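None of the figures in this text is laboratory data; all of them are computed from the coordinates on show. Note that the structure is predicted; figures quoted are calculated from it, not measured. Positions of Cβ are generated from backbone atoms using ideal geometry, with glycine treated the same way; all protein chains shown enter the neighbour counts.
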Amino acid sequence: MFTQMQIFEVEPGYSYVVERTQIIDGVYLEVFKQPGYEDDAILYIGDNEILFKWEDEARSIFSELDTADPIELLAILAQAPKVLA
C-alpha cells in the first residue's frame, strides 16, 4: 500500500490533512483530519464512495487489512451514512 499526505489550507489559520492510501488498483482510502472535528474517511471502490467515521476500530481494521476479518470490515462500512455512486 502507498500513502500520500496533503495539507489543505482553507483560510489563514484553518487547514486540514488528507491521507490517501492506495489499497489496490481502483481502491483508495482517504482520511480527513481536522483539528476540533471527528476524523472521517472515504473508501473509493471504482466510481463508488463510502463515507464513514475514522474511529479506533476502523483504524485497527485498515492498519491490518491484509489479515482483517471481512465481516469486521463490512461492519465498519455498515456505519456509512450513504453510498455515493
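In debye to the nearest 20, how big a dipole does the chain give about its Cα centre with +1 on each Lys and Arg Cβ and -1 on each Asp and Glu Cβ?
140
What full-extension length gain, to one decimal in nm, is calculated for Leu65 and Asn48 as 0.36 nm per residue of separation minus the Cα-Cα distance?
That pair, Leu65 and Asn48, stretches by 4.2 nm at full extension.
Below 8 Å between Cα atoms, with a sequence gap of 6+, how large is the relative contact order for the chain in percent?
19 percent.
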